[in-house]
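The values are calculated or read from the model by the stated rules, or taken from the named source; none is laboratory data. Every value quoted in this text rests on a predicted model; they were computed, and no experiment measured them. Here Cβ is always computed from backbone atoms with ideal geometry, including for glycine, and neighbour counts include all displayed protein chains.
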Amino acid sequence: MKEKKQDVPDSLVRALARRLDARVVETHISWILLTPGFAYKVKKPVRLPFLDYSTLARRKRLCAEEVRVNRAMAPSLYLGVVRIAGSALGPQIDGNGRVLEYAVRMRRFADGALFSERLAAGKLQPADVDGLAALLAEAHEKAPVRRKAGSRAANPHGRALAALDGAGPLFSPAQQKYLKRWFDEGVAALGGVWRRRLRRGRVRECHGDLHLANAVDLDGRAVAFDAIDFDPALRWIDVAEDAAFPAMDFAAQGRADYCWRFLNAWMDAMGEHESAGVLRYALAYRALVRAQAEYMRGGRTAQARSYARAALAWSRPAPPRLVITHGLPGTGKTFKSQLLLEREGAIRVRSDVERKRLFGLGALESSQARGLDIYAGEVTARTYERLLELARGILLAGFTAVIDAAFLMRHERDAARELARECGVPFEILLCEAPEPVLRRRLAGRVNDASEANAAVLARLAGAMQALAPDEWDAVRAHRPRRRA
């Protein structure tokens, strides 16, 4: 039996708002009624190219779906689905009588708590960025997996071109032609990569719309809300595509340092450095999605234009290079490489993290507690092979690669230099040094650190270290600003 279209009159929402003493916020697909303790989201009876809320039965089902998909990252925010019943002039939440409409009931969060608002106000801190990366990585790890061959979720090309078409007026004809060709070339180059990632379980039920206005500080923790409920294909996507959204948004809103901090934290947690091949495509695509949304909302606004510029920027990367660190434990390799990647834009791989990953250990797990010797010579060799393998993929994707490792031996540094030569990129060494008493003090004070080096390890490595030879000093990097990718 065909569902009957049922309109939700604006007067019903206004009447309910008066009864609840609520403020109404209106979007193109919903009304949100804000009370001191709760928010009630009512879906508009609209049918658009990308969603269908045209019947009461659909809205009821999609309210329930919205609660389900959002509880993955915001369990305390989404409280359930409520009925709006009674009369058009006297509607009540879960009242008696005929059901007039359904709404999602949410916990109300404080004004100004959105990541987009806090970023604009200069209040968003690095710890907030790390919290969002950790939230997303945990949700991705637990998310249901799809490996179905031929799933359109694996390949975002059609969605990218649709977004380009929707944002088209923001670009000149030459820019539109260039971006269309760039995306076409991308799908030709990445088709096999997407299919392999699909088979390996990298397509999962994700958020699908995680720009910074859909992330919020709730009780001091990062929470993501408003995941896509209306089209599963926009939610069942490659995890790298999901992570690209907030990263892109940070950069588009003038905080490229937060973009790179977020991406590296998410990659470290997920072990997703191999996603670099699809990541640049995803970043440009996500910029187009926001450009289209802002254009539909207000035409050629400053925000719409900034996202359009971001799409072009991601498609035109700065020349990549390979940077390695060199120094004993405690010399600040991770600290200095973190500053570098945030300031200049890069993807980093860390020996302390990847060494443990070879044994199935988390970054902060103790290998000693598991009775493992992860610092044996053959393990170190395997670790460096893995670091170079990951760096190769990062460089070929057009990103600067930073390898955070000791590189104490000449043959290890030579292997990295050879990789740079093979990839046709500049090679640089980030020299890290400190007096031995300082190193001992730092190692003794370490907590919650991926490295397990102690004073005994320091003494052993100091005795074996091969200092930089005269012919290596040409690669020691000068500390000068560079253009971000």
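Given the criteria crowded, with 21+ Cβ neighbours inside 10 Å, in contact with a Phe, Trp or Tyr (Cβ under 7 Å, 6 or more places away or on another chain), in contact (Cβ under 8 Å) with a residue 12 or more places away in the chain and among the aliphatic types (A, V, I, L, M), does A276 qualify? Criteria met by A276. Those residues that are touching a helix residue (DSSP H, G or I) at 6+ places or on another chain (Cβ under 8 Å), of a type in the set (K, R) and assigned to a loop (DSSP other than H, G, I, E, B), I need them from segment 303-340; list them, please. If the condition is that a residue be touching a helix residue (DSSP H, G or I) at 6+ places or on another chain (Cβ under 8 Å), of a type in the set (K, R) and assigned to a loop (DSSP other than H, G, I, E, B), then R321 is the only one that fits. Among residues of segment 440-463 being part of a loop (DSSP other than H, G, I, E, B) and either at pLDDT 85 or above or of a type in the set (D, E, K, R) (or both), the one that is surrounded by the most Cβ atoms within 10 Å (Cβ to Cβ) is E452.
Of all residues in segment 236-271, exactly one satisfies the criterion of being over 15 Å from V289 (Cα atoms), of a type in the set (G, A, S) and surrounded by 24 or more Cβ atoms within 10 Å (Cβ to Cβ), namely A240.
So which strands (runs of 3 or more DSSP E) are wholly in segment 1-106 and hold at least 3 residues that are aliphatic (A, V, I, L, M)?
30-34, 78-86
Residue count for segment 296-318, restricted to those that are within 17 Å of L179 (Cβ to Cβ) and aliphatic (A, V, I, L, M): 6. Among the residues of segment 341-362, the ones that are in a loop (DSSP other than H, G, I, E, B), under 19 Å from the mean Cα position of the chain (by Cα) and surrounded by fewer than 23 Cβ atoms within 10 Å (Cβ to Cβ) come to 1 in all. Within segment 390-409, being assigned to a helix (DSSP H, G or I) and touching a strand residue (DSSP E or B) at 6+ places or on another chain (Cβ under 7 Å) holds for L390, A391, I394, L395. Of the candidates R382, R348, the single residue that is touching a residue at least 60 places away in the same chain (Cβ under 8 Å) and among the basic types (K, R) is R348. Kindly indicate the residue of segment 38-52 that is modelled with pLDDT under 95 and either more than 23 Å from A233 (Cα to Cα) or not charged (D, E, K, R) (or both) and also surrounded by the fewest Cβ atoms within 10 Å (Cβ to Cβ) among those meeting that condition. The residue in question is P49.
For segment 269-288, taking the residues that are in a helix (DSSP H, G or I) and over 16 Å from F399 (Cα atoms), the one that is farthest from the chain's Cα centre (by Cα) is identified as L288. With the structure loaded, tell me whether L119 is farther than 18 Å from H207 by Cα and either modelled with pLDDT of 95 or more or within 15 Å of the chain's Cα centre (by Cα) (or both) or whether it fails that test. So L119 passes the test.
Across segment 415-449, what is the number of residues that are in contact (Cβ under 8 Å) with a residue 60 or more places away in the chain and touching a Lys or Arg at 6+ places or on another chain (Cβ under 9 Å)? Total satisfying the criteria: 12. Going through (1) in contact (Cβ under 8 Å) with a residue 40 or more places away in the chain; (2) among the aliphatic types (A, V, I, L, M); (3) touching an Asp or Glu at 6+ places or on another chain (Cβ under 9 Å) one by one, L218 falls short only on (3). Kindly indicate the residue of segment 204-215 that is buried (at least 23 other Cβ atoms within 10 Å of the Cβ) and of a type in the set (A, V, I, L, M, F, W, C) and also farthest from G131 (Cα to Cα) among those meeting that condition. Only one residue tops the list, namely C206.
Rundown of residues vs (1) under 27 Å from A162 (Cα atoms); (2) among the charged types (D, E, K, R); (3) in contact (Cβ under 8 Å) with a residue 12 or more places away in the chain; (4) in the same structural domain as G158 (by TED's automatic domain parsing), yes/no style:
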{"position": "A17", "(1), (2), (3), (4)": "no, no, yes, no"}
{"position": "L20", "(1), (2), (3), (4)": "no, no, yes, no"}
{"position": "H28", "(1), (2), (3), (4)": "yes, no, yes, no"}
{"position": "L33", "(1), (2), (3), (4)": "no, no, yes, no"}
{"position": "K41", "(1), (2), (3), (4)": "no, yes, yes, no"}
{"position": "A57", "(1), (2), (3), (4)": "no, no, yes, no"}
{"position": "L77", "(1), (2), (3), (4)": "no, no, yes, no"}
{"position": "I93", "(1), (2), (3), (4)": "no, no, yes, no"}
{"position": "Y102", "(1), (2), (3), (4)": "no, no, yes, no"}
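Take A233 and decide whether it is surrounded by 24 or more Cβ atoms within 10 Å (Cβ to Cβ) and either touching a residue at least 12 places away in the same chain (Cβ under 8 Å) or assigned to a helix (DSSP H, G or I) (or both). Criteria not met by A233. T331 meets each of the listed conditions (1) within 30 Å of R181 (Cβ to Cβ); (2) surrounded by 15 or more Cβ atoms within 10 Å (Cβ to Cβ); (3) modelled with pLDDT under 95 apart from (1).
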